[in-house]
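The next block holds one structure in the form of structure tokens; read it before the comments.
The values are calculated or read from the model by the stated rules, or taken from the named source; none is laboratory data. As the structure is a computational prediction, the values presented were derived from the model and not from experiment. Quick reminder, even Gly has a Cβ in these numbers, built from the backbone with ideal geometry, and neighbours come from all protein chains shown.
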Amino acid sequence: MAVTEITNLEFGKMVQAAASKLSSKAEFINSLNVFPVPDGDTGTNMTSSMQSGAQYERREKSTKVGDLSAALAKGLLMGARGNSGVILSQIFRGFAKATEGKGTLSAADFVNAYANGAKTAYKAVMKPTEGTILTVVRESAQEGLNQLKKTDDLVEIMHAIYEAADKALQTTPDLLPVLKEVGVVDSGGQGLVFVLQAFDESLSGKSVDEGEDYKPDNAEVDEMVNALDHQSVQGKLDPADIKYTYCTQMLVRLGKGKQVKQKFDYDTFYNYLAKMGDSLLVLNDDSVVRVHVHTEHPGEVLSWGQQFGDLQTIEIHNMVWQQEEIMEHDEEVADEQTPVEKARAKEEAKPQTDTAVIAVASGDGIVKLLKSLGVTNIISGGQTMNPSIQDIADAINNSGAKKALVLPNNGNIFMAADQAAEVADIPTKVVHSKTIAQAMTALLEYNPEQSLEDNQKNMEANLSTVASGEVTNAVRDTTIDGRSIKKDDYMGIVDGKIVTTDPDIKTAAINMVKDMLDEDSEVVTILVGQDGNQETAKDIQAAVEEVDDELEIEIYDGGQPVYPYLISVE
């Protein structure tokens with residue numbers, strides 16, 4: 001039976017099916033992610049991203065597919081993890097832009113929206129690489145446009161899009177040499193193919209191959225419980241510091257009502273409100289305009305809206321009052337705290353610095369090192385534990401600072417950090433450090449008296465002065481750069497490239513460091529992880545000293561997961 005229109009019911013089923021499909025296929029997608037090393041987590045990242053999007057879509061009360069698309073895009077963006085998760089969020093951001101205000105989607109609406117998603121994804125990536133998820137979305141979007149010339153049956157079109165995506169996926173090894181060398185397709189592209197397969201199965205009425213049932217996590221419930229059981233970060237904000245008292249929201253039905261005096265013009269409407277407060281959002285289509293603004297004059301905001309149409313919904317919240325209630329709650333919690341808990345709360349309540357220096361890291365020892373070098377806030381994460389855009393944005397917004405610098409310390413976190421910087425409430429710059437070693441070196445150039453821009457420039461200029469080495473074990477047999485790697489072998493990885501492998505961890509580490517040394521080397525730093533030990537670290541030190549006894553060698557207990565030894569050479 002032909003389907004020529006996607007309603008809110010069909011769209012909701014498609015989204016939930018995609019989340020479920022990715023959840024069941026996450027480990028398979030992970031197994032494909034062998035670049036640059038065979039320890040990937042693309043499936044985990046894309047699943048987490050899609051689940052966040054599905055939760056937002058499910059909570060959206062509107063029955064308009066355009067609104068549901070916007071909710072999906074918002075959830076994907078805020079929950080996006082890793083590069084593939086961020087790119088997936090951009091695909092549906094473009095999709096949502098093209099479906100704004102639409103109650104249902106025709107075949108042309110759907111195809112054009114998906115094509116717009118492909119364009120948006122390409123624009124989001126500074127240097128697009130073919131042979132990735134970008135190739136899959138571009139080729140499948142083009143096939144959708146081709147099919148639209150032949151039919152308006154969405155079942156046929158969606159199946160063609162899915163098949164084109166799968167065909168494009170099979171070409172990724174020919175476009176990205178490392179994939180061909182290892183013998184796998186692109187993991188991010190495979191994730192998108194599963195999303196489109198779920199859409200295809202859902203639209204055609206087939207039994208969706210879900211694997212385990214998709215169940216949303218309890219993040220929202222946990223957040224509510226935490227708010228009741230613990231002192232909040234918001235409780236540290238003085239109500240007197242709130243510049244504008246009233247959070248004011250309204251939905252205006254344009255051209256309707258008794259007090260209409262003006263024809264809607266976006267710039268005129270926006271510029272007037274921009275003078276009345278901050279946190280301004282103005283979203284509109286042909287029939288309505290939605291406003292969110294923090295202001296001291298909510299009545300004037302509503303009166304302004306009435307000049308363009310009648311008011312359908314109004315929400316006004318006194319943020320100072322809300323803050324006072326939060327502080328009263330925190331005082332009640334504090335009364336129940338032990339002396340140790342009160343001391344900790346007092347320490348945490350100290351005024352923050354003008355600039356927050358935020359780093360992504362794991363391991364108690366590494367955290368202490370980074371804080372000793374000037375880091376003010378830590379986001380727990382790293383390899384296999386990429387924080388989401390929301391995680392990073394929350395760390396920025398809750399820092400209590402006026403501006404922020406973010407050190408991702410992992411290339412797979414760059415896109416999430418860049419997106420978080422864009423949506424953060426305070427000016428934020430990202431120092432694109434790929435490793436903990438780079439972060440430590442960059443922090444030596446940090447100057448709290450300088451501007452964000454100057455600090456970012458100077459810190460990033462220092463990144464190239466350090467070589468970063470990582471020792472970890474392979475999770476599967478593979479071949480990379482002509483090097484045969486056996487499962488459980490130890491790999492020495494220098495700045496993302498595998499330089500040595502060996503069944504013995506000590507041998508792998510020593511050979512890696514020797515490869516890193518040159519005539520300009522002065523300092524070698526060894527960070528011992530959870531699976532490492534001081535004895536082996538000292539053996540590595542001794543071996544390095546035999547090569548050059550003038551080197552300064554420092555050993556620290558990093559406590560990091562995944563990598564038994566992180567070693568840098570400067």
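Within segment 450-459, the set of residues being closer than 28 Å to Leu566 by Cα and either free of Cβ contacts under 8 Å to residues at least 12 places away in the same chain or surrounded by 24 or more Cβ atoms within 10 Å (Cβ to Cβ) (or both) comprises Lys457, Met459.
Only one entry in Ser568, Ser521 is among the hydroxyl-bearing types (Ser, Thr, Tyr) and not in a strand (DSSP E or B), namely Ser521.
If the condition is being surrounded by fewer than 18 Cβ atoms within 10 Å (Cβ to Cβ) and either touching a strand residue (DSSP E or B) at 6+ places or on another chain (Cβ under 9 Å) or assigned to a helix (DSSP H, G or I) (or both), then segment 415-449 contributes Glu422, Val423, Asp425, Ile426, Pro427, Pro448.
In segment 224-280, how many residues are assigned to a helix (DSSP H, G or I), modelled with pLDDT of 60 or more, of a type in the set (Gly, Ala, Ser) and over 17 Å from His294 (Cβ atoms)? Show your work before the answer.
Of the residues in segment 224-280, the ones assigned to a helix (DSSP H, G or I) are 224-229, 234-236, 239-241, 266-274.
Within this subset, residues satisfying the condition of being modelled with pLDDT of 60 or more are 240-241, 266-274.
From what's left, of a type in the set (Gly, Ala, Ser): 240, 274.
Now drop any that are not over 17 Å from His294 (Cβ atoms), which leaves none.
Number satisfying all stated conditions: 0.
Just to check your reading of the model, which residue among Ser433, Ser362, Ser372 is under 26 Å from Val513 (Cα atoms), touching a helix residue (DSSP H, G or I) at 6+ places or on another chain (Cβ under 8 Å) and among the polar types (S, T, N, Q)?
On the way: Ser362 fails: touching a helix residue (DSSP H, G or I) at 6+ places or on another chain (Cβ under 8 Å); Ser372 fails: touching a helix residue (DSSP H, G or I) at 6+ places or on another chain (Cβ under 8 Å).
Being under 26 Å from Val513 (Cα atoms), touching a helix residue (DSSP H, G or I) at 6+ places or on another chain (Cβ under 8 Å) and among the polar types (S, T, N, Q) holds for just one of Ser433, Ser362, Ser372, which is Ser433.
Among the candidates Phe110, Phe95, single out the residue that is outside the structural domain of Val288 (by TED's automatic domain parsing), aromatic (Phe, Trp, Tyr) and in contact with a Phe, Trp or Tyr (Cβ under 8 Å, 6 or more places away or on another chain). Break it down stepwise before answering.
Working: Phe110 fails: in contact with a Phe, Trp or Tyr (Cβ under 8 Å, 6 or more places away or on another chain).
Answer to the check: Phe95.
If only residues of segment 91-112 that are among the basic types (Lys, Arg) and crowded, with 19+ Cβ neighbours inside 10 Å are counted, the one that is modelled with the highest pLDDT is Lys102. Listed conditions (1) buried (at least 21 other Cβ atoms within 10 Å of the Cβ); (2) over 30 Å from Lys486 (Cβ atoms); (3) at pLDDT below 95 are all met by Ser62, apart from (1). When Val178, Val184, Val193 are screened for being under 28 Å from Gly131 (Cα atoms), assigned by TED's automatic domain parsing to the domain that holds Val86, modelled with pLDDT of 70 or more and outside any helix (DSSP H, G or I), only Val184 passes. Val475 fulfils the conditions (1) farther than 30 Å from Val375 by Cα; (2) part of a strand (DSSP E or B); (3) modelled with pLDDT under 90 except for a single criterion, (2).
Does Glu347 count as closer than 24 Å to Met46 by Cβ and either out of contact with any strand residue (DSSP E or B) (no Cβ under 7 Å at 6 or more places or on another chain) or modelled with pLDDT under 90 (or both)? Here the answer is no, as Glu347 does not meet what is asked.
Among the criteria (1) within 25 Å of Met385 (Cβ to Cβ); (2) touching a residue at least 60 places away in the same chain (Cβ under 8 Å), the one Asp481 does not fulfil is (1).
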